[in-house]
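Notes follow the structure.
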Amino acid sequence: MSQEIIEVAGETAQQGVSRRGFIKGAIAASAAVSSSNYLFRSNGGALLAQTPAAGAVERLITVNVNGRSRRIDVPPMETVATTLRYKLGLTGTKIGCDRAECGACTVLVDGQPHYGCSLLTHSVRGREVTTIEGLESEDGTLHPMQQAVLEEQGFQCAFCMSGFIMNSVALLNDNPNPSRKQAAEWLSGNLCRCADYDKILTSVQRAAEITRGA
Amino acid sequence: MAVIRDVIPQLELFQPSSTEDAVALLAEHGSDAWVYAGGLDTLDWFKDRVKRPRVVVDLGAIESLREIRSTPDGLEIGAMAKLIDVVNHSEIQSQFPALAFAAKSAASPQIRNQGTIGGNISQDTRCWYYRDGWTCYRAGGNICYASPPTAMNREHCILGASRCVAVNPSDTAPVLVALGASMVVRRGRSERVVPAEEFFVGPEIDIERMTVLEPGDLLTSIRVPSTWAGTRVYFEKVRDRDTWDFPLVNVATAIRQDGDTIQDLRVVVNGVAPTPVRLTAVENAIRGQARNEDTATRAGDAAIQGVAPLTHNGFKVNLMRNLVKRSIRDEPMTA
Ligand SMILES: Cc1cc2nc3c(=O)[nH]c(=O)nc-3n(C[C@H](O)[C@H](O)[C@H](O)COP(=O)(O)OP(=O)(O)OC[C@H]3O[C@@H](n4cnc5c(N)ncnc54)[C@H](O)[C@@H]3O)c2cc1C
Ligand code: FES
Ligand code: FES
């Protein structure tokens, strides 16, 4: 397993990625080694060691996450949420139900909200994935939706929060001034176990205000 | 029983970029292969390890399958058009608003961004005994766990059961049947066009399938003829919550009127039987009559002739009667 990943990093370097990028890649790779030990513990080798048949997808692929190209080793049936959390260390994306029901894993793919738990990483090659980690600007300024959540104390346990924020960001891009009803409808594929819906909708309204400069 | 683990077992994944390549792969791998569209029904089966194909053919890279285009006879909707594409398509909105409305009523926004119309009509049933991996008739066994008096069968059949009492859960299917659509199916070099009414199969024909699609078949598009374009088509869905949820019962009714008189109509319900059901008895009972409260009431009463509810789903009988009645009486709602 670890040998394979070192090779991945080696290939990345050969392809002319900067030294800095390479080091980050290597760090991500070692994170992958330890978390995959936990994830794939039971039958790791047997499940993952086979080589693909002719014409089947290559495991080594490049995905674009938060504006950066990441070259990673992805088994064919790995989901985006798994890749983000356990390969790239982007644990802001949560896995709740793992069944396309709760929305905790919501990420943007080419700007549109998708359930990361129910989307194959091999399906997002050549597309832009945005996660909660990609929202703040270079200088650390929070996205208006993040700021609004702080101001309105939008969540309790906040396990559902990343998903709600990502979906709200897509909503605000589509409609900068949604009514509460429109927001509720758009966010209907996200569940909050603490039932903070009212404050969440208020946060969306506040984000729209912040964007307007109010 | 299904055991939930966190990794999907090793499979070969193919992502062909043309229909030709996809049908060739399906021909080569036969019943070892699984067609993968949006994956939203599929991934549940794989995660639970209830279905374990060796090869997965992902249609996501075949651009031409996602097109929606008008033809001299109506509309041709690519099987890989996403539900959101169907909701937003201007010609669907103007000619067949009930189809856009039904697509918008299905599942959640995230699912509509990814789930396809082809997958929506080909999706498997939601019977939880079956989905949990119990070896029922549909899974090749010789028992139905949902029909005994002690079973949890609130969401199951009130009509058309044959050993298996699971229902078809699609919201777009009944509208496509009402509109007289047909499904274009490729298999190797040959193509066949199957009327929507025959596309869905019940357990009396094949208890392990929901549609005519067999290993090797690829649904390429859905043709919606202009026959009912711009006419009054009513869709309504009732679910447990007024947000994403599968239908308990839904109805799609197309009516062509001459003044007050119902010249012709097609009435279809889903969520009540293993396939969408066209209610020809209702159609025959009110064709040629004035469209009014009285006619609508008679239609509702005719709809429930011969129903056979289970222990916990008697409520669906009234639901179906009232939905059919409303579909005749009320003005259509839109997306
Ligand atoms: C939480 C949740 C809620 C939902 N709620 C609703 C709802 O309220 N109403 C509703 O109607 N649906 C609902 N759905 C179902 C959802 O709309 C379907 O799962 C989805 O449309 C399936 O489409 P897909 O493209 O993801 O199909 P996939 O999962 O990829 O495929 C589904 C099945 O169809 C077959 N298939 C797909 N495309 C083809 C093709 N072109 N040729 C041959 N075979 C094909 C596949 O082999 C597979 O067996 C819900 C799903 C979930 C997960
Ligand atoms: S974790 Fe993806 S929808 Fe719940
Ligand atoms: S704040 Fe706890 S689940 Fe939403």
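Where a number appears in this text, it was derived from the coordinates with a stated rule and is not lab data. Just so it is clear, the structure is predicted and the values come from calculations on it, not from any experiment. Note that each Cβ is placed from the backbone with ideal geometry, even for glycine, and that neighbours are counted across all protein chains shown.
General remarks:
- For residue B:231, neighbours were defined as the other residues whose beta-carbon sits under 14 Å from its Cβ, and their charges (Lys and Arg +1, Asp and Glu -1) total +1.
- Average beta-carbon neighbours from other chains, 10 Å sphere, peptide B:109-121: 5
- In plain terms, the C-alpha convex hull of the stretch A:156-214 casts an average shadow of 3.7 nm² when viewed from every direction.
- Within the shell defined by Cβ-Cβ distances under 15 Å, the residues around residue B:313 carry a net charge of +3, with Lys and Arg each +1 and Asp and Glu each -1.
- What separates the Cα centres of the stretch B:105-162 and the stretch B:237-283 is a distance of 20 Å.
- When restricted to Cα atoms, the stretch B:114-257 yields an Rg and a Dmax of 16.4, 49 Å, respectively.
- Backbone phi angles across the stretch A:112-127, fed through the Karplus curve with coefficients 6.51, -1.76 and 1.60 (θ = phi - 60°), yield HN-Hα couplings of 9, x, 9, 7, x, 6, 10, 9, 6, 4, 5, 8, 10, 4, x, 10 Hz in residue order; Gly and Pro are listed as x.
- Average partner coverage of B:35-41, which counts Cβ from other chains inside 10 Å: 3
- With Rh defined as the Kirkwood radius, the inverse of the mean 1/r over Cα pairs, the Rg/Rh of the stretch B:210-335 is 1.00.
- Selection from B:233, A:172, B:313, by position along the positive dipole direction of the protein assembly as shown (Cβ): B:313
- Sorted ascending by nearby beta carbons within 10 Å, beginning with the fewest, B:227, B:261, A:130, B:150 become B:150, B:261, B:227, A:130.
- Tilt relative to chain B, helix B:293-303 - C-alpha long axis, 0 to 90 degrees, to 10: 40 degrees
- Judged by the ratio a/c of the largest to the smallest principal axis of the C-alpha gyration tensor, the stretch B:199-243 counts as oblate, that ratio being 1.5 or greater while a/b is no larger than b/c.
- Distant alpha-carbon pairs in chain B (separation over 26 angstrom), percent: 47 percent
- Spacing of the two label points (7 Å from each Cα toward its C-beta) at residue A:212 and residue B:69, in nm: 4.4 nm
- The alpha-carbon of residue B:82 sits under 18 angstrom from the alpha-carbons of these lysines, leaving out residues fewer than 8 places away in its chain: B:104.
- If you take the alpha carbon atoms of the protein assembly as shown and fit the smallest convex hull around them, that volume is 165 Å³ per residue.
- Those residues of the stretch B:246-280 whose amide nitrogen sits under 16 Å from the label point placed on residue B:227, 7 Å along Cα→Cβ: B:252-257, B:263-269, B:277-280
- Rounded tilt (10° steps) of B:315-329 against the dominant C-alpha axis of chain B: 60 degrees
- Placing dummy labels 7 Å off each Cα toward the beta-carbon, the span from residue A:62 to residue B:88 is 2.7 nm.
- About the Cα centre, charge dipole magnitude for the protein assembly as shown (Lys/Arg +1, Asp/Glu -1 at Cβ), debye: 660 debye
- Cα-based helix-to-principal-axis angle, B:19-29 vs chain B, degrees rounded to 10: 60 degrees
- Counting only aspartates and glutamates at least 8 places from residue B:47 when in the same chain, those with an alpha carbon closer than 18 Å to its own are A:78, A:98, A:101, B:6, B:12, B:32, B:58, B:124, B:132.
- Stokes-Einstein D (µm²/s) once Rh is taken as the Kirkwood radius of the stretch A:60-134 over alpha-carbon pairs, at 4 °C in 1.567 mPa s: 109 µm²/s
- Partners for residue A:199 among lysines (Cα-Cα distance below 17 Å; same-chain residues under 8 apart left out): A:181
- Geometric extent, Cα atoms of the stretch A:81-214 - Rg, Dmax (angstrom): 14.0, 42
- With K and R counted +1 and D and E -1, the other residues having a Cβ less than 11 Å from that of residue A:184 yield a net charge of -1.
- For the protein assembly as shown, DSSP calls about 85 percent of its internal beta bridges antiparallel.
- For the stretch B:43-169, the gyration tensor built on C-alpha atoms gives a prolate shape. Its axis ratio a/c (a ≥ b ≥ c) is at least 1.5, and a/b is the larger of a/b and b/c.
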